[in-house]
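These notes concern the structure reproduced below.
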Amino acid sequence: MNWLTKVKNALLDRKLLFFYTAVVLLWLKSYIVYQIEFNLGIENTLQKFLLLINPISSALFFLGIALFFKGRKRYWAIIVIDFVMSFLLYANVAYYRFFNDFITLPTIMHPNDAGELKDSAFALMHGADIFYFLDTIILILLVVFRSVQPHQTAPIKKRKIGLVFASAIIIFAANLGFAEADRPQLLTRSFDRTYLVKYLGQYNYQLYDAVTSVKSSTQRALASSNDLTEVKNFVDANQTKPSKQYFGAAKDMNVVYISMESLQNFVIGKKIKGQEVTPFLNHLTHDQNTFYFDNFFHQVGQGKTSDAEFMMANSLYPLPSGAVSMQKAQNTYQAQPAILNQNGYTTASFHGNSKTFWNRDQMYKSFGIQKFFDSSYYDMSDENVINYGMKDKPFFKQSMPYLKDLKEPFEAKFLTLSNHFPFELDKGDVNFPSAGTNDSVVNGYFQTAHYMDQALKQFFGYLKESGLYDHTVVVMYGDHYGISTNHNQAMKQVTGDPITPYKNAQLQRVPLFIHVPGVKGNVVHQYGGEVDVRPTVLHLLGLKTNDYISLGSDLLSPDHQEIVPFRNGNFVTPNYTSIDDKCYENPTGKVVDKQQCQPAGKVARDELKFSDKIVYGDLLRFYDLKGFTPVNPDDYDYTRDKKADNK
Ligand code: GP9
Ligand code: MN
C-alpha cells in the first residue's frame, strides 16, 4: 500500500462519516451566511475561492476535537461543538445586522456593549434564522432516529485523528498562504475585521481576535502605577515651553485636520513634464498665514494612516508591530479630541470608508471623538468611489453640509483616500501627465497627488464660501510615505539620484502645513515629526500642555527638540541620520563615527521605550489628570440613525 492509499483509507473510515457530515454542513452553512448576511467586499476570483474554502480548516479542527471521545459520546460531542460553532456564527450575524461589524472579545466583555448588543440584536432576529441551526438539528435527528450502529462507536485510531488535524492545518496554511499573497501582512497588520473574515473565515478570525485580546490584557495586567511615575519623570524633564509669540494665537478657533494620504514632501514644488504636481500646496508654502514645515517626518509603523491619527491625537508613538488602533483601542487615553471637547469643542472625524477599517469605530470612542461621518454618510455610488473608498473631490463636497452643521468651535478631521497605493484614478479624473517611468505605481502617484491637490483647493474654496475660513485653523499633513523601496528604480529616474538607505530616510519627509487666520506664517525648517503636532496645535489654541503626557514637542517653540525617531528605531536630527545603527552626516550622507549619533540615539530610544510602556501597559488609566474627566467610551455611538437622516 503506498502512502496515498493509506491516507485515503484512514480518512475514509466509515466511523468518520458522521463527523464529515457535520463538517460539510457547517462549511456550507458558513458559506451561505457569508453570502446572505455579511458584506465582505469580494473583489477578485482568488477572494471568491478563499471565501469558499475558508470555513473548512476550522470545521475540521474544532469538530475534530470530538473524535477523542469514545462510543456514543463522540456523536454527542460533535453535536455540541457544532451547536457552539453555529451559535458563534449566529451571534456574529445578529451583531453584524446592527453594527455592521464582527464581534470582538473586548466588546462583548464590555458590559455596556453587551447590553446594547442584547437589546438591538434581539430586535433584529427573525424566525427564519432557525435555518442557521438546521445542520445541528439534522445531526441530532440522525443520531436519535438512525440510532448509531455499534460498529461505528468503536474507538478511532490516534493516527487517523492525527490525519484529520494535519489536514486541517495544511488547509489552513494553504488558505493563509493565498490570503497573504493577495493581501500581504494580513496577520501582522490585521487592517480590518472584514478582511480577516473575508480571507480566513469567521472562526479563524474569532480565534485571532481571542489570541490578540488575551495578549493585550496580559500586558495590561502586568503594569502598575509605579511604571507611570518613571514615565512622568521622563516627560517632565523633557518639557518644551510654548513660544510667547504663538501661544493662544488661534484661541477659540475651529481646527480642521486633513490627513493627506501617502503624500511625501518630495512632491512639493516638483514638476513633471513642466507641470507642477501640487500647485495649490506649492502656493500654500508661501501663503502669508501658513506655516509650512519642510523638515517634518512621518513616524508611523504598520498601522499607517491610523498610526498617524494616533500620534496627532495623543503625542505618543504607535506600536513597533501591528496597528495600535487594532491592539490598544480599549486603553485609557487623554487624547486631543477629549481635551478640546472638555474645552467647549465639538469633535468629529470624516472618512469615506467603512468605519471598521483600522478599528476606528472603537479607537475614536477612546479618543472622545463625538461624531464619526463614515461611508454610510456619503453617496458611495460607483462614480464617487475608487480603491479604498470615496474620491477626494466628492468626499470634501459631500462633507460640507455635515461640517457646517457642527456646533462651533469644532475640531474636525478629514481623511483623504485618493492618493493611496496603487494610485489609480478613473479615466475622467486624470488631468496630469504620466511621469513616464516604467513603473505604473510611480507614474500614477503624481497623478493621484495632483488630483488630491485639486480637491484640497476646492475644499479651501468651500471653507471660504461657508464663512468658516477666517476662524478655522487648518492642519494638513502627509500621513506616511506612498512610494516604498520596491520602487527605487523609478524613483531614481524621478529624483535623479540613486535611492540609498540614507536617501530613503530623507524621503520619509512628509509635508505639514498649519494655516492660522490672522497670523503671519513662514517656512519652518525645524526638524520634527507627527508626534510633535499635538503640543504645537494645543499651544496655538492657548491650551497649556505641561500636565499631559506627551512625547512630542512644540514645533513653533524656540526650545523645540529636533530629534525625530522613526518607529523602527532609526532617527534623524538636523546634523545626523542614524539608520540601522550606522551614523550618517547630513546632508552629505557620509558615514561617520557612531559616537556622533549617540546622544540623540539615547533620546530617541528613550522616547520610544517610554511610549511603548504607556501604550502596552495602558498606563494613562493610572494618571489622574486634574481638570480632565476620563473618557467613557460608552458615551459614544457611531451607529447612523437612519430614521433621523430621512426626516
Ligand atoms: C483606509 C485608509 C487607508 O481607511 O485609512 O489606510 P492606509 O493603508 O493608508 O493605512
Ligand atoms: Mn494612509
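Miscellaneous remarks
- Candidates 607, 585, filtered to the one that is surrounded by 14 or more Cβ atoms within 10 Å (Cβ to Cβ) and closer than 28 Å to residue 369 by Cβ: 607
- Meets criteria (touching a helix residue (DSSP H, G or I) at 6+ places or on another chain (Cβ under 8 Å), part of a loop (DSSP other than H, G, I, E, B) and under 30 Å from residue 254 (Cβ atoms)) for residue 517: yes
- Test for residue 98: is it in contact (Cβ under 8 Å) with a residue 12 or more places away in the chain and closer than 24 Å to residue 142 by Cα: no
- Within the range 414-427, residues that are more than 12 Å from ligand 1 (Cβ to nearest atom) have Cβ atoms under 8 Å from residues that are assigned to a strand (DSSP E or B) and open to solvent by 10 Å² or more (accessible area, probe 1.4 Å) in these pairs: 424/386; 425/386; 426/386, counting only partners at least 6 apart in sequence or on another chain.
- Subset of the range 150-183 that is open to solvent by less than 80 Å² (accessible area, probe 1.4 Å) and not in a helix (DSSP H, G or I) - its residue that is nearest to residue 63 (Cα to Cα): 156
- Evaluation of residue 366 against (1) under 23 Å from residue 406 (Cα atoms); (2) within 16 Å of ligand 1 (Cβ to nearest atom); (3) small (Gly, Ala, Ser) (one fails), failing number: (2)
- Taking the criterion of being within 16 Å of ligand 1 (Cβ to nearest atom) and either more than 30 Å from the chain's Cα centre (by Cα) or polar (S, T, N, Q) (or both), the residues of the range 249-281 that qualify are 259, 262, 264.
- The test for being more than 16 Å from ligand 1 (Cβ to nearest atom) and either open to solvent by 10 Å² or more (accessible area, probe 1.4 Å) or touching a residue at least 24 places away in the same chain (Cβ under 8 Å) (or both) holds for residue 284.
- Candidates 306, 213, 243, filtered to the one that is open to solvent by less than 30 Å² (accessible area, probe 1.4 Å), in contact (Cβ under 8 Å) with a residue 24 or more places away in the chain and in the same structural domain as residue 83 (by TED's automatic domain parsing): 213
- Tally, over the range 474-487, of residues that are more than 14 Å from ligand 2 (Cβ to nearest atom) and at pLDDT 95 or above: 2
- Of all the residues in the range 357-386, those that are under 26 Å from residue 617 (Cβ atoms), of a type outside the set (Gly, Ala, Ser) and either part of a loop (DSSP other than H, G, I, E, B) or free of Cβ contacts under 8 Å to residues at least 40 places away in the same chain (or both) number 1.
- Hits in the range 332-387 (condition: small (Gly, Ala, Ser) and open to solvent by 30 Å² or more (accessible area, probe 1.4 Å)): 344, 354, 376, 381
- Condition met for residue 607 (within 26 Å of the chain's Cα centre (by Cα) and either in the same structural domain as residue 311 (by TED's automatic domain parsing) or in contact (Cβ under 8 Å) with a residue 12 or more places away in the chain (or both)): yes
- Hey, residue 528 modelled with pLDDT of 95 or more, assigned by TED's automatic domain parsing to the domain that holds residue 334 and surrounded by 15 or more Cβ atoms within 10 Å (Cβ to Cβ) or not: yes
- Residue within the range 342-349 that is within 15 Å of ligand 2 (Cβ to nearest atom), touching a helix residue (DSSP H, G or I) at 6+ places or on another chain (Cβ under 7 Å) and either in contact (Cβ under 8 Å) with a residue 12 or more places away in the chain or assigned by TED's automatic domain parsing to the domain that holds residue 513 (or both) present: yes
- Pairs where the first residue, in the range 478-497, is touching a residue at least 60 places away in the same chain (Cβ under 8 Å) and within 15 Å of ligand 1 (Cβ to nearest atom) and the second is part of a strand (DSSP E or B) and hydroxyl-bearing (Ser, Thr, Tyr), C-beta under 6 Å, 6+ apart: 479/259
- Inclusion of residue 629 among residues that are over 30 Å from residue 344 (Cβ atoms) and of a type in the set (Ser, Thr, Tyr) is not warranted.
- Candidates in the range 330-353 are the residues that are part of a loop (DSSP other than H, G, I, E, B) and within 30 Å of residue 381 (Cα to Cα); of these, the one that is nearest to the chain's Cα centre (by Cα) is 353.
- When the helices (runs of 4 or more DSSP H) confined to the range 258-329 are screened for residues that are within 16 Å of ligand 2 (Cβ to nearest atom), those reaching at least 1 such residues are found at 304-314, 324-327.
- Checking each residue in the range 412-451 for being part of a loop (DSSP other than H, G, I, E, B), within 16 Å of ligand 2 (Cβ to nearest atom) and surrounded by fewer than 23 Cβ atoms within 10 Å (Cβ to Cβ) picks out 420, 421, 422, 424.
The values are calculated or read from the model by the stated rules, or taken from the named source; none is laboratory data. Note that the structure is a prediction, hence the values are computed from the model and not measured. Using ideal geometry, Cβ is built from the backbone for each residue, glycine included, and neighbour counts are taken over all protein chains shown. Ligands, DNA and RNA are stripped out before the accessible areas are found, and what is left, the full protein with its side chains, is counted by its heavy atoms. Shrake-Rupley method; radii C 1.70, N 1.55, O 1.52, S 1.80 Å.
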